[in-house]
Amino acid sequence: MNAQSRTKLNHTPEWTALGKHREQFGQTHLRQLFADHPERGAGYILRVGDLYLDYSKHLVTDETLRLLRELADAAGVAELRDAMFRGEKINTTEDRAVLHTALRAPRDAVIEVDGENVVPAVHAVLDKMAAFADRIRSGEWTGHTGKPIKNIVNIGIGGSDLGPAMAYEVLRSFTDRSLTVRFVSNVDGADLHEAVRDLDPAETLFIVASKTFTTIETITNATSARNWLLTGLRAEQDAVAKHFVALSTNAEKVADFGIDIANMFEFWDWVGGRYSYDSAIGLSLMIAIGPDRFREMLDGFHLVDEHFRTAPTEANAPLLLGLLGIWYGGFFDAQSHAVLPYSHYLSKFTAYLQQLDMESNGKSVDRDGNPVEWQTGPVVWGTPGTNGQHAYYQLIHQGTKVIPADFIGFAEPVADLLPGLVAQHDLLMANFFAQTQALAFGKTPDEVRAEGVAEELVPHKTFRGNHPTTTILADSLTPSVLGQLIALYEHKVFVQGAVWNIDSFDQWGVELGKVLAKKIEPVLTEGTGGEQLDSSTAALVAAYRTRRGR
Ligand code: F6P
């Protein structure tokens with residue numbers, strides 16, 4: 001069904017059927033669902049590439065899943081997916097194709113945008129990145145004074161930062177440990193200060209990552225970095241060429257900044273910022289892990305792309321994860337979604353997913369501009385699991401909110417872990433398995449009493465359980481597995497946007513703040529223009545100026 005003729009989601013027979021099913025489902029407990037079907041734990045799983053995905057601890061039955069799949073069919077998820085893969089302009093508010101999947105397509109694939117096959121250009125940039133990464137890694141590329149590059153500083157924000165910063169952490173054990181790699185995003189000067197304060201400019205390469213090359217935070221930091229470099233080297237503008245490269249779609253602005261276009265790595269307007277770290281935006285990562293590992297990561301992405309494109313609906317992992325989120329948001333009033341990795345290396349993983357999910361599906365009008373009458377994207381949050389256990393898990397276990405959660409763990413510890421630390425992996429994973437068990441099955445009052453607990457404490461020590469979780473168990477944390485995981489989430493977000501009938505690929509919501517910041521800055525610095533401010537902001541600005549002695 002196309003967007004124009006589409007019945008509002010909450011008026012479709014499929015949505016109504018799910019509503020009725022939800023009423024019947026009532027307070028059905030996972031304890032009951034498992035008792036009714038002892039094989040549930042071995043049956044409600046999917047295997048995709050290196051991922052083992054267990055969805056048995058969800059508040060669903062075969063009937064729920066069938067109804068959700070019917071909803072997806074009626075919403076035309078498969079048609080929109082195919083249109084995306086074909087390069088059609090499904091980002092309608094920006095009139096753009098959505099082709100991050102082309103970034104990991106094999107060399108011989110043909111994917112056309114406006115009649116032109118984009119795959120050769122993708123691989124030409126990857127090859128250029130690989131040649132550059134090799135020159136840095138081998139020491140062949142030298143700075144202005146002839147010293148090899150030892151420090152890489154990526155300057156970017158949002159999609160031009162979160163992806164490479166996250167992936168660098170995830171894949172640390174694959175990185176060249178002799179390189180120092182840092183990421184600067186915040187326009188707070190402290191970020192750049194801390195990143196460069198102990199670096200030798202003669203050994204430092206700045207990678208300025210910005211799709212538009214107009215983002216004020218990035219251009220400001222890049223300008224300050226250039227000043228730091230030229231001052232430190234006591235050099236003129238010509239030194240910039242050896243120490244600055246750009247990742248962008250905007251060659252003109254890159255040249256205006258003074259970066260040689262030969263040192264620009266290109267990508268295209270059909271790559272959304274939050275879908276871009278497998279494009280040129282991943283250059284810092286490629287330098288850190290090497291081109292071969294980077295390509296393994298792309299292969300991992302591609303594997304899940306193919307799965308999403310071709311797997312039947314009953315066995316399609318991104319489809320399933322997307323539909324589960326729709327079930328909880330639409331019928332359990334879940335407002336948030338926790339992503340809880342049991343790996344220290346995934347410490348930035350959830351922050352990355354926040355942009356991916358919340359910038360994509362944080363929308364309240366449909367594709368035609370009508371207000372939506374259903375929940376759209378959840379608040380995505382979380383940090384590595386064991387740390388969370390000693391902080392906020394209390395609320396997940398015994399609070400009043402429905403918080404579906406993804407638990408991500410790995411069968412093997414990373415390969416280069418100190419031998420003395422390998423034994424800790426079983427303890428980590430014991431926690432991983434214990435938490436989803438506790439969340440699902442809880443502890444009944446009778447079980448608490450049986451432990452001899454005083455009656456007045458029984459309610460406090462009871463765990464209601466019935467908290468839904470997905471468990472994703474991967475073999476080990478490799479570049480390919482990272483690609484598989486990210487593609488899984490990308491397509492999950494896609495599925496949800498398709499069902500909710502929103503444009504997941506624009507981000508107009510970030511614009512207003514940018515415009516207002518531009519207006520407020522001269523009020524702070526010059527004291528002019530304040531009369532346009534509302535009374536709260538005017539008072540705050542006045543208080544700030546007083547404290548700054550202005
Ligand atoms: O302001 C939001 C945003 O446009 C993101 O979507 C994007 O990832 C980020 O800013 C950075 O944009 P750019 O890569 O153009 O600097």
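The values are calculated or read from the model by the stated rules, or taken from the named source; none is laboratory data. A quick note: this is a predicted structure, and the numbers were derived from the prediction, not measured. Cβ placement follows ideal geometry from the backbone for every residue including glycine, while neighbour counts extend to all protein chains displayed.
When N154 is tested against (1) within 16 Å of the ligand (Cβ to nearest atom); (2) farther than 18 Å from T204 by Cα, only condition (2) is not met. Please enumerate the residues belonging to segment 199-223 that are assigned to a helix (DSSP H, G or I), surrounded by fewer than 20 Cβ atoms within 10 Å (Cβ to Cβ), within 16 Å of the ligand (Cβ to nearest atom) and not aliphatic (A, V, I, L, M). Correct list: T220, T223.
Might you let me know whether segment 413-426 holds any residue that is in contact with a strand residue (DSSP E or B) (Cβ under 8 Å, 6 or more places away or on another chain), crowded, with 19+ Cβ neighbours inside 10 Å and closer than 30 Å to V304 by Cα? Within segment 413-426 (the criterion being in contact with a strand residue (DSSP E or B) (Cβ under 8 Å, 6 or more places away or on another chain), crowded, with 19+ Cβ neighbours inside 10 Å and closer than 30 Å to V304 by Cα), the answer is no, since none of the residues qualifies.
With the condition being modelled with pLDDT under 95 and within 16 Å of the ligand (Cβ to nearest atom), I'd like the helices (runs of 4 or more DSSP H) fully within segment 442-550 carrying at least 3 qualifying residues.
Values: elements: 445-450, 458-461, 479-500, 511-525, 535-547.
In segment 442-550, the matching helices (runs of 4 or more DSSP H) lie at 511-525.
Scanning segment 226-246 for residues that are part of a helix (DSSP H, G or I), among the small types (G, A, S) and either buried (at least 23 other Cβ atoms within 10 Å of the Cβ) or in contact with a Leu (Cβ under 6 Å, 6 or more places away or on another chain) (or both) gives a single hit, A239. Considering only segment 158-186, how many residues are in a strand (DSSP E or B) and within 15 Å of the ligand (Cβ to nearest atom)? Here the count works out to 2. The number of residues in segment 189-198 that are within 16 Å of the ligand (Cβ to nearest atom) and not in a helix (DSSP H, G or I) comes to 0.
In the condition set (1) over 19 Å from the mean Cα position of the chain (by Cα); (2) modelled with pLDDT under 95, R367 is compliant with all but (2). Among the residues here, K348 does not qualify as within 16 Å of the ligand (Cβ to nearest atom), among the basic types (K, R) and in contact with a Gly (Cβ under 8 Å, 6 or more places away or on another chain). Looking across segment 38-73 at every residue that is touching a Phe, Trp or Tyr at 6+ places or on another chain (Cβ under 9 Å) and in a loop (DSSP other than H, G, I, E, B), the one that is surrounded by the fewest Cβ atoms within 10 Å (Cβ to Cβ) is identified as T61.
Of the candidates T92, T16, T7, T28, the single residue that is out of contact with any Phe, Trp or Tyr (no Cβ under 8 Å at 6 or more places or on another chain) and under 30 Å from A105 (Cβ atoms) is T92.
Give segment 431-461 a look and list any residue that's under 21 Å from H390 (Cβ atoms) and of a type outside the set (A, V, I, L, M, F, W, C), or say none. Don't jump to the end; show me each part of the working.
Kept after step one, since they are under 21 Å from H390 (Cβ atoms), are these residues of segment 431-461: 431-440, 442-443, 460-461.
Answer for segment 431-461, where residues must be under 21 Å from H390 (Cβ atoms) and of a type outside the set (A, V, I, L, M, F, W, C): N431, Q435, T436, Q437, G442, K443, H460, K461.
Selection of segment 247-261 for residues being of a type outside the set (F, W, Y), under 30 Å from D198 (Cβ atoms) and surrounded by fewer than 22 Cβ atoms within 10 Å (Cβ to Cβ) yields G258, D260.
If you go through segment 247-269 and keep only what is within 14 Å of the ligand (Cβ to nearest atom) and not in a helix (DSSP H, G or I), you end up with L247, S248, T249, N250, M264, F265, E266, F267, W268, D269. Among residues of segment 106-134 that are touching a residue at least 60 places away in the same chain (Cβ under 8 Å) and within 21 Å of E296 (Cβ to Cβ), those with a Cβ under 6 angstrom from a residue that is of a type in the set (D, E, K, R) and surrounded by 12 or more Cβ atoms within 10 Å (Cβ to Cβ), sequence gap 6+ or separate chain, pair up as V125/E266. Looking across segment 186-199, the residues that are farther than 15 Å from F244 by Cβ and touching a helix residue (DSSP H, G or I) at 6+ places or on another chain (Cβ under 8 Å) come down to N186, V187, G189, D191. Looking across segment 272-301, just one residue is among the basic types (K, R) and crowded, with 24+ Cβ neighbours inside 10 Å, and that is R274. Within segment 341-359, residues that are in contact (Cβ under 8 Å) with a residue 12 or more places away in the chain and of a type in the set (G, A, S) have Cβ atoms under 9 Å from residues that are part of a helix (DSSP H, G or I) and within 16 Å of the ligand (Cβ to nearest atom) in these pairs: S347/M166; A351/L162; A351/A165; A351/M166, counting only partners at least 6 apart in sequence or on another chain. What number of residues within segment 270-283 satisfy the criterion of being more than 16 Å from the chain's Cα centre (by Cα) and part of a helix (DSSP H, G or I)? So the count comes out to 2. Being in contact with a Pro (Cβ under 6 Å, 6 or more places away or on another chain) and over 19 Å from L9 (Cβ atoms) holds for only one residue in H100, H58, and it is H58.
Comparison of E14, E23 shows that the only residue that is in a helix (DSSP H, G or I), in contact with an Asp or Glu (Cβ under 6 Å, 6 or more places away or on another chain), farther than 24 Å from E490 by Cα and not polar (S, T, N, Q) is E14.
Considering segment 351-387 alone, what residues qualify as being within 16 Å of the ligand (Cβ to nearest atom) and among the basic types (K, R)? If the condition is that a residue be within 16 Å of the ligand (Cβ to nearest atom) and among the basic types (K, R), then K363 is the only one that fits.
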